[in-house]
1. Calculate for chain B the 222 nm mean residue ellipticity that helices alone would give, adding -39,500 (n - 2.57) per DSSP H run of length 4 or more and normalising by residue count, nearest 500 deg cm²/dmol.
2. Add +1 for every Lys or Arg and -1 for every Asp or Glu among the other residues with Cβ under 14 Å from the Cβ of C:LYS63, and state the total.
3. On a C-alpha basis, how far is the centre of region F:58-118 from the centre of region D:79-131 in Å? Whole number, if you could?
4. Over chain D, what is the relative contact order in percent, taking alpha-carbon pairs closer than 8 angstrom and at least six residues apart?
5. What does the convex hull of the Cα atoms come to per residue for chain D, in Å³?
6. Taking chain D as the reference, fit the longest principal axis to its C-alpha atoms, fit the long axis of helix D:57-84 to the helix C-alpha atoms, and give the angle between the two in degrees, 0 to 90, nearest 10.
7. Treating the Cα atoms of region E:96-142 as identical point scatterers in vacuum, please give the log10 of the normalised Debye intensity I(q)/I(0) at q = 0.13, 0.28 Å⁻¹, two decimals.
8. Taking all pairs of distinct Cα atoms, average 1/r, flip it, and tell me the Kirkwood hydrodynamic radius of region F:2-218 in Å to one decimal place.
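Throughout, read-outs are computed from the coordinates displayed, never taken from laboratory work. Not measured: the values here are computed from a predicted model. So basically every Cβ, Gly included, is an ideal-geometry build from the backbone, and we count neighbours across all protein chains shown.
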Amino acid sequence: MNWSNLSEFFSMGGYGFYVWGSYVVTLVCIVGEILLISNRHRTLEKQHGLIFDINRKRDNK
Amino acid sequence: MLQGINLACVRGDRELFKNINFSLEAGGLMQVHGPNGSGKTSLLRMLCGLSNPAAGEIRWCDKAIHSLDGDYFAVMTYIGHLSGTKDDLTVMENLRISSALAGSEISADQAKEALEYIGLSGREALPVKVLSQGQRRRVALARLLVCKTSVWILDEPLVALDVAAVKLIQGLLEQHLLQGGMVVMTTHQEIDIAAASITQLQLA
Amino acid sequence: MLQGINLACVRGDRELFKNINFSLEAGGLMQVHGPNGSGKTSLLRMLCGLSNPAAGEIRWCDKAIHSLDGDYFAVMTYIGHLSGTKDDLTVMENLRISSALAGSEISADQAKEALEYIGLSGREALPVKVLSQGQRRRVALARLLVCKTSVWILDEPLVALDVAAVKLIQGLLEQHLLQGGMVVMTTHQEIDIAAASITQLQLA
Amino acid sequence: MSINWFKYSSPASFYSLAGKITPIFAFAAVILLVAGLYIGFFVAPTDFQQGEAYRIIFIHVPAAWMSMFLYVVMAFWAGIGLAFNTRLSSMFATAIAPTGAMFTFIALWTGALWGKPMWGTWWVWDARLTSELILLFLYIGFMSLQAAIDDPRRADKAGAIIALVGVVNIPIIYFSVQWWNTLHQGASVSVNQAPSMATTMLVGMLVMVFASWMYSIAVILKRTRVIILERESHTAWVAELQKKGTVQ
Amino acid sequence: MLMWIIKRDLLLAMRRQSDVFTILFFFIIVVSLFPLSVGPEMNMLRTMAPGVVWVAALLASMLSLGRMFSNDYVDGTLEQMLLSPQSLSLLVLGKALAHWLVTGIPLVLMAPILGIQYDLPIEALFVLTITLLLGTPVLSLIGAIGAALTLGLRGGGVLVSLLVLPLYIPVLIFGAGAVEANMAGVGYDAHLSLIGAFLLMSLVFAPWAAASSLRVSLE
Amino acid sequence: MLMWIIKRDLLLAMRRQSDVFTILFFFIIVVSLFPLSVGPEMNMLRTMAPGVVWVAALLASMLSLGRMFSNDYVDGTLEQMLLSPQSLSLLVLGKALAHWLVTGIPLVLMAPILGIQYDLPIEALFVLTITLLLGTPVLSLIGAIGAALTLGLRGGGVLVSLLVLPLYIPVLIFGAGAVEANMAGVGYDAHLSLIGAFLLMSLVFAPWAAASSLRVSLE
Ligand code: HEM
Ligand SMILES: Nc1ncnc2c1ncn2[C@@H]1O[C@H](COP(=O)(O)OP(=O)(O)OP(=O)(O)O)[C@@H](O)[C@H]1O
Ligand SMILES: Nc1ncnc2c1ncn2[C@@H]1O[C@H](COP(=O)(O)OP(=O)(O)OP(=O)(O)O)[C@@H](O)[C@H]1O
Ligand SMILES: [Mg+2]
Ligand SMILES: [Mg+2]
């Protein structure tokens, strides 16, 4: 084990800004990418749902 | 009201016409005839103030149009060879924006109605670049439906239109004339438009 | 010789037409009719190989045209909505260069003759940008006089032309058909062309 | 066991296949990520030269490798799509680009953050750095071109051409930049002075590389599915899916 | 009117979202090209930086000028605008502002990041951004005159750049100069207020001049 | 065919002489702006010179790319060329060559004069000219691909630069590198033969790639 306590872990031997800056931005990128894709998927679902609704209405008439 | 006095047009070293005189009253239609290259477009561009006559003067309500500027533009609509539509904007946006820039803002409903009348319903959301030639022309002409101007200057408005659309435009012009509007137009196609007074202007 | 088999066209999410079949023999004229936006231009662009049909095949002498490529282009001339002329070049240069690029070089005399025939004499040295709309159209159509191709595909060739020019083109087409050429054309104007066989194709 | 691969080259059947296998890769990615980070932060010792700053390596190197590799894969699929007119391969290429660009960006970003403590500057015009930057431009060019074309099939073909031209250029760029830089003995520091790595460091890094692999595969499959849906929304099989309510 | 024209141009830009991004990336690429051809020595690059960024911004803004009126000219919408009852100067102002929003703003936001590539100190980055913020609208406004004049283009292409560039150069010199002054430890207020003066002057005169040019070009 | 297309494009350039001059003028301006914005130290300017001249040449050549096909596209002549029985690659080659004759050659001729402004030694001027002579055709050829791909896309002018600039980089590096090598007293043969190799490669592949791009764009 390299770290005796949490603050030592966060300070990264004085390089905290650089190390955590890298990891946080990477995390943001990855989460952002996943969110963007699922967002795209959800709007598609909504659109298809809409088409589906219209079809149903037409069928009912 | 709209008067041309001794108009002449020179293009390059060629004199296209001279001593053209006419006077157009409310409800009057003027049809400009002539073979290709006889100067019809040149005349119409003068009438709407886009170019200046080599000689003579154009008057609106007895004042020279170049002294009126904005006031004349507020009562006049010109539709020329170019369609004046943006390829990247949708049909709806084109109509609303061009009307707004021409001085009369219209609501989405009004625009929708006009587009339906002119036969573009279902195409409101398409960008103009994917439309057919005749449909583009219709977008340009749709402005006539929503503008509140009295002088319409139309350079071959019927080009690329199908038979149904020609009928539609014919009806539109007749209605405009009936309401006291004025129309100056050219066309190579035969068309009969009923009007209180019709002037035929023949260019050589 | 020119055959369309089960052609279909899809634009965006709209199916413009499907199951179009036709066959055009030497001396045959095909007129494509339909309201604005019915897909006439789209069909003609397929016929000349500028776009691919969504389904079906176009054959020239029983071979699919996309397998022929250059060989088909050598016997075909297309004139569409766009004039295909350079604004900055003179009428004469336009004609000579466009013929050369289309595969048949012509001499200045030949070009002069063609331009005279089509009613542009005296304008040979003017840049196309100063010409009137109808005159530009004539420059484009002058290519028909000097090309030696047998299939002509013409998209509204009569637009912007005056009555005299329409007559001229009519005569030209009839002569071409008489000599065993083929013509596919669209137009919204009424025109009667004599031909050995006439196909009327109506798009919805 | 023989799988009928042709069956899966149609978007419809690929759609359902991808739906089934994506979670597997996603799961593998998470496991590997956790393992890699654990090794990276808790097992691997402090570097005696660089101190703790070297721990950036666990994302920097995987990201840099992925960025280069994905471009080649993208160009490959785009080329296949262009040559054989297979829709699915073109969709793959389109789906790979954003992920590749993201890894390129991460490599640049982490590199810059590493450079400041190590070299005293965020950026130097060194061969590797410069060619990574140009790689980002190539990705962005590919994506902008595709975004600017409305018709997806045209976009596929146009994108394929630029991707192929780009892939020819990448080695040329890499070597020219390297040579340019060595001729000019300007930069006094270079990434080549990497520390001789402890085994645990190496293991951590490799685990992270595999995690990036799994992540890329999962994300790309998922994005391909979205693209398939977007493009094929008018077709019968999507309508079928809608009826069943199984679009996801 | 002003709102409509800005709205229209922004809408057109949105339709081609890639437009905004490509201008931005053009800027980035041009700035990044210089080190490639000059060599990687940081000291020299740092001295060059303000000049390079400014020249690149000027080019990026200038490159997109062509489209300001010519698209509208070709499809006949400009003709229609001239026939509009509202003031043409206002219209030109609207178009110049839209141009700045689409091209200028992204450059301003991007500049500091590029400055880092050239290892500029923080304060210099700040000055660079401020000068660009004040300077880029001037480029759009003056550019509008040039764009309007080039519409007619009767052999006057060179004449126009000759006419417009002398007006660009002061902005460039004071823009880059302010950053250099700051890096040399000298005050840069004078530079800034001069650029501000250019901005005011061009806001007043450029729309009018461009409107007249448009009328001439379309006659 | 090849002759006719070259002839045509040169004729068009002659008609619009201003275009040729603007490109040249742009080149001169960009090169001359640098001393203005960077400062007058001769040693530094001399080191910068090859890079600046090469970047300026690259930008000037790129600026005119937009026009390579788009004019022909708008007025329908490109459509007609696609329907020509002759090979499209040949046509593209012709257009790229014409582009080089109109934009590349004037730059090559102008470069030594601009080099003098930066106090380059005679031999370096000579090397600069040679590299430009070999390098500018590559720019036109690769540029043709970008121009063909972005055809008909609004905002294509900037998109084209985004696509081709990264591809230009090797030429830029070796072009500027040769001059720097010469000034440093090192041999520059390797640089030259590399540029020559690029030229050959792009002569073979670029027309073909650009022709396919044209077909895609016009579909
Ligand atoms: C923005 C700055 C940076 C960029 C764009 C960058 C880019 C890259 C690339 C593309 C690779 C993979 C190349 C290959 O494997 O051949 C790589 C690997 C590597 N980088 Fe960086 N780097 C940057 C900064 C740094 C810094 C500051 C360090 C450490 C001082 C560093 C250390 C390493 C190491 C150790 C490797 C892997 C070892 C190897 O494969 O040779 N990098 N980097
Ligand atoms: N610089 C010039 N030198 C000689 N003639 C010119 C010049 N500029 C224009 N022309 C001629 O001026 C005329 C312009 O005609 P205009 O466009 O007004 O015709 P039009 O009646 O509208 O014809 P169309 O029915 O074809 O539209 C053309 O005959 C053209 O040849
Ligand atoms: N992306 C799209 N989405 C929906 N419809 C489209 C799309 N692209 C084109 N269209 C439609 O396809 C049709 C194209 O028609 P085309 O140009 O072939 O008509 P045309 O018969 O030549 O008409 P015209 O007589 O007006 O010249 C138009 O109705 C247009 O609205
Ligand atoms: Mg006319
Ligand atoms: Mg049509």
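1. It lands at -9500 deg cm²/dmol.
2. -3
3. 32
4. Relative contact order comes out at 33 percent.
5. 151
6. The angle comes out at about 40 degrees.
7. Scattering profile of region E:96-142, log10 relative to I(0): -0.29, -0.93.
8. About 17.7 Å for region F:2-218.
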